[in-house]
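Below: one structure, written as structure tokens.
The values are calculated or read from the model by the stated rules, or taken from the named source; none is laboratory data. No experiment lies behind these values; they were computed from the predicted model shown. Cβ sites come from the backbone with ideal geometry, for glycine too, and all protein chains shown count toward neighbours. To get the accessible areas, we keep the full protein, side chains included, count just its heavy atoms, and leave off ligands, DNA and RNA. Shrake-Rupley method; radii C 1.70, N 1.55, O 1.52, S 1.80 Å.
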Amino acid sequence: MNENKKPQFIEKNLDSLLSFIERNIDLKHLQKVEKIHIDTLTFQTVPLLPLTVIPIIDQSLLFSYVEAFQDPYKMMYNELLQTCGGSVYSSVQTKDFFPLHIRSNHGIGIIPSLFGLSSKIIYNNMPWVEHFGSRDEVKRIIQKGIPNLNKGLVERVIQTHHFYLDKLKNYPLCSQGIKVSQPDMQGPFDIAHLMLGTDIFYLVYENPLLLHELLDLITETYIRLRKYIDKLLTDKTIGDAVYVHGAIYLGQVVIKDDTAVVNLSPEMYDEFSWQYNKKIFTEFRGSLHSCGKIKDWLYDIIDDNNLMSINYGNPEMQNFQNIYKRNKGNHMSIIGWGHNQDFFFLDEVFNNNIKTGLSLSCQVKNVNEGIKCVDKYKDKNHFELDKG
């Protein structure tokens, strides 16, 4: 596609977009993509490390987030053009190694909404959760116990996923190749932080019992919700892994743990975050995501057979050789290394002759640049689809 030419679905027509994808999708390639992801994340021999290229999408092509938040049609259209960590529309053209999937993109407040907290969209950005006004509200939530799972934003997630699944039925190749993945479920401590705001750091000292009661409730709710929505997901792979959060992740969940990893001491992290993550990993097995600078002590605490891989939201803050060595020693793979960095950021991986144990991603200016980047990468690794 000429990068100066507007796509044929500029009128923001979902069927036109799906028809374009249906004509360009390659199921044989996607089967190869899935296998390479699974193999590298389990430290097997692969023909090359799977690379996702993320072209910058012209925002004028998208519906506003406010519109998409309210309308499954508009949300599906946006998700196909630009989802977390990739683009279905771009990938069917670049033939990169993005595992095609979309999600109900209703933000970080999905589980908090089950407890009555609302999300607010400011300046068309992703939603911000309006946290509790007092600790008495926290006590009332705890007394009520596990909430009704079919309310709040979860109700909207369910409606959106039904729409996705019904719409994809009209496009046989898309229905097979595009997975519907779980929404952003965050993780226990991050959810508690969303609900409490900065007050959570006072509770650690002033009322740890209350915080533990809340974290217990959140963790059990997380587990039940993950099981509850499973029937609306088509995210399964050939192995113990799922399509989610812009990649293929080992296990069945990816726990977001930004707040605790960055802000707590090792002892407090173990007590207030990791023990609750472990309960979820014991139930499902899974992966961990964290932004910010990862500290060395974390790897000693999270040494657990049910934690299978890690995604670093800020790879530029990490020492790659150090974390690769530590993760490999614990048989934990690295997912989506590179994220929103350019292709040259990955040179350290190539220069150290890393051959397995991680998947890669990088940002490019547009689809045409993505095609060139993928072609160059495949040529460099002597990769051919029929042989790879």
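The table that follows gives values for the structure above.
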quantity	calculated
Length released on extending from Ser175 to Asn150, taking residue separation times 0.36 nm less the Cα-Cα span	6.4 nm
Given Lys12/Lys169; Lys169/Lys380; Lys35/Lys365; Lys144/Lys279; Lys278/Lys380, the pairs whose alpha carbons are separated by over 31 Å	Lys169/Lys380; Lys278/Lys380
Distance histogram in 5 Å bins (all Cα pairs of the stretch 82-145, percent per bin)	3, 14, 18, 14, 12, 12, 10, 7, 5, 4, 1
Dipole magnitude of the chain, debye to nearest 20 (Cβ charges: Lys/Arg +1, Asp/Glu -1, about Cα centre)	900 debye
Summed side-chain charge close to Glu130 - residues other than Glu130 whose Cβ falls under 15 Å, Lys, Arg +1, Asp, Glu -1	-1
Protection proxy ranking of 221-228, 336-343, 321-328, 56-63 - average other beta-carbon atoms within 10 Å, highest first	336-343, 221-228, 321-328, 56-63
Which of Glu206, Glu79, Glu22, Glu130 is most accessible, then next, and so on - probe 1.4 Å	Glu206, Glu130, Glu22, Glu79
Inter-label distance, nm, simple model (7 Å from Cα along the C-beta direction), Gln70/Lys325	5.5 nm
The stretch 283-388: projected area of the alpha-carbon convex hull, averaged over directions, in nm²	8.2 nm²
Protection proxy ranking, peptides 376-382, 106-112, 175-181, 161-167, average beta carbon neighbours within 10 Å, highest first	106-112, 175-181, 161-167, 376-382
Portion, in percent, of the accessible area of the chain that falls on carbon or sulfur, probe 1.4 Å	49 percent
Formal net charge of residues neighbouring Asp304 (Cβ-Cβ distance under 10 Å; K, R +1; D, E -1)	+1
Value of D in µm² per second that Stokes-Einstein yields for the stretch 329-384, Kirkwood Rh from Cα pairs, at 10 °C (1.306 mPa s)	129 µm²/s
Where the chain is the region considered: accessible area per residue in Å², 1.4 Å probe	42 Å²
Convex hull (Cα only) mean projected area of the chain, reported in nm² to one decimal	18.0 nm²
Projected label distance in nm at Gln143 and Asp240, using a 7 Å step from Cα toward the beta-carbon	4.2 nm
Global geometry of the stretch 202-280, whether rounded, prolate or oblate, following the gyration tensor of its Cα atoms and the 1.5 cut on a/c	prolate
Those aspartates and glutamates that a straight Cα-Cα span of less than 12 Å connects to Lys378, excepting residues fewer than 8 apart in one chain	Asp96
Extension reserve of the Gln44-Arg135 stretch, reckoned as 0.36 nm per residue once the Cα distance is removed	27.8 nm
Relative compactness, the stretch 5-103, computed as alpha-carbon Rg over 2.2 N^0.38 Å	1.17
Antiparallel bridges, percent of DSSP beta bridges restricted to the chain (to nearest 5)	25 percent
Full-stretch length increase - Glu316, Ser19 - with 0.36 nm per residue and alpha-carbon distance subtracted	103.1 nm
Candidate residues Arg140, Arg156, Arg103: accessible-area rank, largest first, probe 1.4 Å	Arg140, Arg156, Arg103
Shape category assigned to the stretch 184-246 from the gyration tensor of Cα positions, a/c cut at 1.5	prolate
